[in-house]
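Data first, discussion second: the structure below is written as structure tokens.
Every number here is computed from the coordinates shown, using simple stated rules; none is lab data. Bear in mind that the values here come from a model prediction, so they are computed numbers and not experimental data. Because the Cβ atoms are built from the backbone with ideal geometry, glycine has one as well, and the counts that use them run over all protein chains shown.
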Amino acid sequence: MPWLDALVQGILLGGLYAQYALGMALMFGVMRIVNITHGDLMILLALIGISLASSFMLGPWSVLVILVALGATIGLLLQRFILNRVVGEDALPSLIATFGLSIALQNAMLQIWSADTRSLGSGDIVQQSIQIGPLFVGVLPVIVLLTATVLTAGLATAIRYTRFGRALRAASADVEAAEMTGVNPKSIYAGAAALAVGILGFAAVFQSMRATVSPADGPFQLIYAFEAVIIGGMGSIWGALFGAMVLGISQSIGFRINPGFGILAGHLVFLIVLALRPQGLLGKD
Amino acid sequence: MSTALLSTQGLVARYGDFQALYGVDFEVHAGEIVALIGANGAGKSTLLKSLMGLLRVAPDMVRLDGRPVGGSQPHRMVASGVAIVPEGRRLFAGMSVADNLRVAMDCAAPARGGGWSLDRVYALFPILQEKQAVPVQLLSGGQQQMVAIGRALLNQPRLLLCDEVSLGLAPKVVREIYQSIPLISQNGTAVVLVEQDVGLAQSASNRLYCMLEGRVTLTGRSGELSREAIGEAYFGASHAVA
């Protein structure tokens, strides 16, 4: 039974990781932009949310709405003023630009919020759980998982069926041909970055409700997002959710084996997938 | 005399330090089919790239309806009614035939009376309707070329630029594709055909330009140009001497 519990807890943890991974799947998987600030932006949004909640007595759901809007705006500006200048065949310029930005962001956050860990006061919902047979399942993790699933379905549908999605797929298949067909890739990329960072608004709220955040936490979330996208398969939106589940389950089972082994277990599973199926579990070629 | 739909005056283009076009004067009028011939490296594709905004050129070197548009971004050229069937087709791999066509519909120039629709493209190339759900990389070369032409038509062009549409295709398929050209220009759409096959270019066009080493060496009505004149313009004077 503890193994079943570990599996269920892993799936629920995967719901949180999926919310980091979705934006990464869009930017890294589809647009081939390496955004090292991905985790730091999530932490930035979380810290802003925590400060807003305590200054204006806002509940977590109001904070969620503000952070998603704020995240989308940040994503749009980031793409428009920084990433659109470095986007191209070569992933290195975007890596270097965002690596520098990541360090600057972490230090700026340290200056503003200090190194203290903080969390979002969220009332009873954190303690509530429901009993399913012999298992106790937290209400909040279930909400997180449902949200992640709805976000994945929404994003996958948008990419498959909308005008924006078609233009994004066209630009990632052959950017010059897309331009010759009338697509303005820079505005499409800016829209995609707005979506990617907007989704981090959800992750920021749930992360700071479930656990704590501090200015230096970003790189860990970044690694989880990269791992989930690569496990699931580059360019696959459902793959990001699936990869996040695999990562969550690996960590959760690892924790049961030995509390010090959890995070490492996730990394090991990632390395095994990379060695045996580098295109990812749901990747096509 | 009416203004040309699109014209270039003294068009100069370079790839870095390498100059590819040396003062090209070129014009197309509405409804015309113009062929552009020349050997490999003569500058035909470079000329199309300059018209489409893929190479940086000075604004007044390219005029559309008399307005300077040289160096405009490609998506702006599409919006003002210039579409291209690129060399090598450049379809969106991984996307279905219908999705490839829809990208062009999403970004089309404002349609004029009797604009192109999916149904009209399918009527022009019936095989595409059958294959509409198939990913484009699984189609034959000729079918891919039809998708590329259909995609450009759904941009609702007033001017269609075709870069080597016959390249690498079987003669029967080339005939099939060239049969569609008059149907396209019936609407008043001007067509520029870049072609290596001189006979084909001459028979399919109203007017013809021949290029050599980045310059226009011959121009005139396709039916009135002799094979000798074209041969000399195509290979240059040195060939005539040798």
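Can you tell me which residues in region B:59-77 are of a type in the set (A, V, I, L, M, F, W, C) and farther than 14 Å from B:D25 by Cα?
Taking region B:59-77 as the starting set, the residues that turn out to be of a type in the set (A, V, I, L, M, F, W, C) are B:61-62, B:64, B:69, B:77.
Within region B:59-77, B:V69, B:M77 meet the criteria.
Identify, please: which residue in region B:39-50 is in contact with a strand residue (DSSP E or B) (Cβ under 6 Å, 6 or more places away or on another chain) and within 19 Å of B:A79 (Cβ to Cβ) and is, among those, surrounded by the most Cβ atoms within 10 Å (Cβ to Cβ)?
Out of the qualifying residues, it is B:S50.
I'd like the residue in region A:154-205 that is of a type in the set (S, T, Y) and more than 8 Å from chain B (Cβ to nearest Cβ) and, out of all such residues, is farthest from B:N155 (Cα to Cα). So that I can check it myself, show each step before the final result.
Restricting attention to region A:154-205, the residues satisfying the condition of being of a type in the set (S, T, Y) are A:157, A:161-162, A:172, A:181, A:187, A:189.
Going one step further and asking which of them are more than 8 Å from chain B (Cβ to nearest Cβ), we end up with A:157, A:161-162, A:172, A:187, A:189.
Values: A:T157: 25, A:Y161: 19, A:T162: 18, A:S172: 20, A:S187: 19, A:Y189: 21 Å.
Ranking the qualifying residues of region A:154-205, first place goes to A:T157.
Taking the options B:D106, B:D60, name whichever one is among the acidic types (D, E), facing chain A (nearest Cβ under 9 Å) and more than 18 Å from the chain's Cα centre (by Cα).
Values: B:D60 fails: facing chain A (nearest Cβ under 9 Å).
Going through B:D106, B:D60 in turn, the sole match is B:D106.
Among the listed residues A:G243, A:G254, which satisfies the condition of being crowded, with 22+ Cβ neighbours inside 10 Å and either touching a residue at least 40 places away in the same chain (Cβ under 8 Å) or aromatic (F, W, Y) (or both)?
Among A:G243, A:G254, only A:G243 is crowded, with 22+ Cβ neighbours inside 10 Å and either touching a residue at least 40 places away in the same chain (Cβ under 8 Å) or aromatic (F, W, Y) (or both).
Return the total of residues in region B:116-132 being closer than 21 Å to B:S80 by Cβ and either within 8 Å of chain A (Cβ to nearest Cβ) or under 19 Å from the mean Cα position of the chain (by Cα) (or both).
Step one: of region B:116-132, the residues closer than 21 Å to B:S80 by Cβ are B:116-117.
Next, only the ones that are either within 8 Å of chain A (Cβ to nearest Cβ) or under 19 Å from the mean Cα position of the chain (by Cα) (or both) stay: B:116.
Of the residues in that region, 1 qualify.
Which residues, counting only those in region B:63-98, are over 18 Å from the mean Cα position of the chain (by Cα) and under 17 Å from A:E179 (Cβ atoms)?
B:F92, B:A93, B:M95
Applying the selection to region B:76-102, what residues are within 9 Å of another protein chain (Cβ to nearest Cβ) and in a helix (DSSP H, G or I)?
B:R76, B:M77, B:V78, B:A79, B:D99, B:N100, B:R102
In region B:126-143, what residues are surrounded by 14 or more Cβ atoms within 10 Å (Cβ to Cβ) and either more than 14 Å from B:D99 (Cβ to Cβ) or hydrophobic (A, V, I, L, M, F, W, C) (or both)?
First, pick out the residues of region B:126-143 that are surrounded by 14 or more Cβ atoms within 10 Å (Cβ to Cβ): B:127-129, B:131-132, B:134-136, B:139, B:142-143.
Scanning region B:126-143 gives B:I127, B:L128, B:Q129, B:V134, B:V136, B:L139, B:G142, B:Q143.
I'm told A:I125 meets every condition in (1) assigned to a helix (DSSP H, G or I); (2) within 21 Å of A:I188 (Cα to Cα) except one. Can you identify the failing condition by its number?
Single failed check for A:I125: (2).
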